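Below: the structure, in structure tokens.
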Amino acid sequence: MDQQDGQPDRRSLLAQWIEESRRIVFFGGAGVSTESGIPDFRGATGFYHQDLEIPLEQVLSIDFFTVHPQAYWEWFAQENAREGVAPNAAHRFVADLERAGKLSAVVTQNIDGLHQRAGSERVLELHGNWSRLICTGCAERFSLSEVEGARSGAVPRCPECASVLRPDIVFYGEMLDNDVVEGAVRAISEADLLIVAGTSLVVYPAAGLIDYYAGERLVLMNATPTPYDSRADLIIRDPVGRVFQELEHTGRRP
């Protein structure tokens with residue numbers, strides 16, 4: 001069943017499925033955070049369409065970072081200078097689902113930590129989190145707030161050994177964390193409702209996790225078509241945050 005006709009009907013069906021489900025998994029990509037003020041990657045105003053001196057894929061490459069960490073930290077400082085970035089209605093609604101005992105896990109491709117800021121605790125970060133730092137020398141870990149000047153654009157150094165600090169993210173050229181992937185596979189395979197939101201589902205191996213879903217209620221929420229549309233039981237093209245905000249306003253909270 002591919003439900004695409006009638007936006008109110010689609011939102012009502014989503015609300016009904018959420019109400020009836022007990023093991024929901026929310027699988028999100030960059031489109032979940034665009035309404036929080038963070039650009040996505042492939043959208044019309046996304047990172048890949050920005051006029052950057054060094055292409056973002058190069059800035060976020062582990063080989064490039066190892067030789068030129070300054071480029072990453074300058075980009076990081078620019079992105080962290082954005083004002084008003086905060087969890088939106090999607091992050092809040094998903095956190096409410098967890099508090100209500102209806103959500104098994106959030107699986108996210110984002111590195112912004114907005115799900116945790118909204119109150120979610122069971123968050124599986126496929127690509128890490130840029131607010132955590134790791135020393136490239138002694139492997140000591142720090143939070144961003146613990147390292148003075150980490151948002152300045154200068155390359156931060158380890159307070160313990162003075163080696164370069166790197167973000168706790170999965171750079172291009174690195175493997176995903178196996179424990180995180182296994183946790184995502186387990187949660188998705190056991191879900192009775194899988195909501196996939198804000199992702200084009202073209203980046204692997206993350207997109208391949210959808211294959212582990214064995215249920216009959218697969219919801220795809222994305223502005224543009226994805227390779228998995230033919231498998232969806234419900235497709236919603238509206239902005240993710242707006243959909244969940246409308247569910248909040250109509251009293252369809254968890």
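The values are calculated or read from the model by the stated rules, or taken from the named source; none is laboratory data. These figures come from a predicted structure and were not determined experimentally. Here Cβ is always computed from backbone atoms with ideal geometry, including for glycine, and neighbour counts include all displayed protein chains. Keep in mind that these areas ignore ligands, DNA and RNA; they rest on the heavy atoms of the full protein, side chains included. Shrake-Rupley method; radii C 1.70, N 1.55, O 1.52, S 1.80 Å.
Can you confirm whether V106 is closer than 28 Å to F244 by Cα, among the hydrophobic types (A, V, I, L, M, F, W, C) and free of Cβ contacts under 8 Å to residues at least 24 places away in the same chain? I'd like the intermediate steps shown before the answer.
Numbers: closer than 28 Å to F244 by Cα: yes; among the hydrophobic types (A, V, I, L, M, F, W, C): yes; free of Cβ contacts under 8 Å to residues at least 24 places away in the same chain: no.
Considered against the rule, which asks whether it is closer than 28 Å to F244 by Cα, among the hydrophobic types (A, V, I, L, M, F, W, C) and free of Cβ contacts under 8 Å to residues at least 24 places away in the same chain, V106 comes out as no.
Determine whether G198 is closer than 14 Å to V107 by Cα and in contact with a strand residue (DSSP E or B) (Cβ under 6 Å, 6 or more places away or on another chain). Lay out the reasoning, then the answer.
Working: closer than 14 Å to V107 by Cα: yes; in contact with a strand residue (DSSP E or B) (Cβ under 6 Å, 6 or more places away or on another chain): yes.
In short, yes.
Would you please list the contacts, defined by Cβ atoms under 6 Å and residues six or more apart or on different chains, that run from a residue in segment 139-154 that is closer than 17 Å to Q78 by Cα to a residue that is modelled with pLDDT under 90?
L144/A150; R151/N80
Of everything in segment 129-150 that's out of contact with any Lys or Arg (no Cβ under 6 Å at 6 or more places or on another chain) and farther than 21 Å from L114 by Cβ, which residue is most open to solvent (accessible area, probe 1.4 Å)?
Filtering first and then ranking leaves E148.
Restricted to segment 98-117, and to residues that are open to solvent by 20 Å² or more (accessible area, probe 1.4 Å) and among the hydrophobic types (A, V, I, L, M, F, W, C), which residue is nearest to G28 (Cα to Cα)?
Top of the filtered list is I111.
Please tell me if Q3 is at pLDDT below 85 and either aliphatic (A, V, I, L, M) or surrounded by 15 or more Cβ atoms within 10 Å (Cβ to Cβ) (or both). Lay out the reasoning, then the answer.
Values: at pLDDT below 85: yes; either aliphatic (A, V, I, L, M) or surrounded by 15 or more Cβ atoms within 10 Å (Cβ to Cβ) (or both): yes.
So Q3 fits the description; yes.
Return the total of residues in segment 82-112 being within 13 Å of the chain's Cα centre (by Cα) and closer than 22 Å to A207 by Cβ.
Here the count works out to 11.
Restricting the search to segment 39-97, which residues are at pLDDT 80 or above, open to solvent by 70 Å² or more (accessible area, probe 1.4 Å) and closer than 29 Å to I24 by Cα?
R92
Collect the residues in segment 112-160 that are of a type in the set (A, V, I, L, M), in a loop (DSSP other than H, G, I, E, B) and in contact with a Ser or Thr (Cβ under 8 Å, 6 or more places away or on another chain), keeping them in residue-number order.
L126 - this is the single residue of segment 112-160 that is of a type in the set (A, V, I, L, M), in a loop (DSSP other than H, G, I, E, B) and in contact with a Ser or Thr (Cβ under 8 Å, 6 or more places away or on another chain).
With the requirement that a residue be touching a helix residue (DSSP H, G or I) at 6+ places or on another chain (Cβ under 9 Å) and open to solvent by less than 40 Å² (accessible area, probe 1.4 Å), what does segment 151-165 give you?
In the first step, residues of segment 151-165 are kept if they are touching a helix residue (DSSP H, G or I) at 6+ places or on another chain (Cβ under 9 Å); the result is 151-156, 159, 164-165.
Selection gives G153, V155, P156, V164, L165.
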